[in-house]
1. From the phi of every residue in region 34-46, what ³J(HN,Hα) in whole Hz does the Karplus formula 6.51 cos²θ - 1.76 cosθ + 1.60 yield, where θ is phi - 60° and glycine or proline is x?
2. Please give the charge dipole size of the chain, origin at the Cα centre, charges +1 on K and R Cβ atoms and -1 on D and E Cβ atoms. Round to the nearest 20 debye.
3. Step through the residues of region 137-142 one at a time and calculate ³J(HN,Hα) from phi using the Karplus curve (6.51 cos²θ - 1.76 cosθ + 1.60, θ = phi - 60°), rounding each to whole Hz and writing x for Gly and Pro.
4. State the volume of the convex hull built on the alpha-carbon positions of region 65-146, expressed per residue in Å³ and rounded to an integer.
5. Hey, can you grab everything whose amide H is under 5 Å from the amide H of Tyr94? Only 5+ residues off in sequence or another chain; H modelled, so Pro and N-termini drop out.
6. Using all Cα-Cα distances in the chain, what percent lands in each 5 angstrom bin from 0 up to the longest?
7. Rounded to whole Hz and in sequence order, give me ³J(HN,Hα) for region 96-111 from the Karplus expression 6.51 cos²θ - 1.76 cosθ + 1.60, θ = phi - 60°, writing x for Gly and Pro.
8. What is the set of long-range amide H partners of Val81 at a cut-off below 5 Å, with H atoms built 1.01 Å from backbone N?
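Where a number appears in this text, it was derived from the coordinates with a stated rule and is not lab data. From a predicted model like this one, the values you see are computed outputs, not experimental measurements. Backbone-built Cβ (ideal geometry, glycine too); neighbour counts: all protein chains shown.
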Amino acid sequence: MTEPDDLLHATATDLRLATFRLARRLRRERAVDSISDAQFAVLACLRGNGRLPVGELAQRERVSAPTMSNIVDALAESGHVVRVPSDEDRRRVYIEITDTGTEIVAATVQKRDAALADALAEFDFTDDELRTLREAASLMRKVAER
């Protein structure tokens, strides 16, 4: 490998390890323990994108349609989402987040942000270091959203 390739792969390894460790730590922070990570991801997707059909939810979350149907069934049973028939095509059904689901997402995001802010505060980072972290977050978001 050439030096740029070595740097690229070393960076990828470092980012993977740091991202997984941080994600695992943040996933423990939840407003409700009865909701799985997959269920929370669906609620967050609906909160951010509005009502969606099951197939599109499955595509966005990169799971099969039957798996998404199971997730939606559990969320509907617990009152976190509702099924809304399409006005144009009665065969088409949209999944919409309820107020309860929205509250869970907001509370969980708040808990996770607070936990991460507390962790960052432990290190007494300088303003420059915090700006560097924000720039890194922006770059990571670009990679994640490709």
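1. Taking θ as phi minus 60°, the curve returns 7, 9, 6, 4, 5, 5, 4, 4, 5, 4, 5, 4, 5 Hz for region 34-46.
2. Values: 22 positive and 26 negative charges, 110 e Å.
Magnitude of the dipole: close to 520 debye.
3. 4, 4, 5, 5, 4, 4
4. That works out to 163 Å³ per residue.
5. Correct list: Val84, Ser86.
6. Going from the shortest bin to the longest, the percentages are 2, 8, 14, 17, 17, 13, 11, 8, 6, 3, 1, 0.
7. Here the 3J(HN,Hα) series is 10, 6, 8, 4, 4, x, 4, 4, 5, 5, 4, 5, 5, 4, 4, 5 Hz.
8. Those lying under 5 Å, H to H, from Val81 are Ala76, Thr98.
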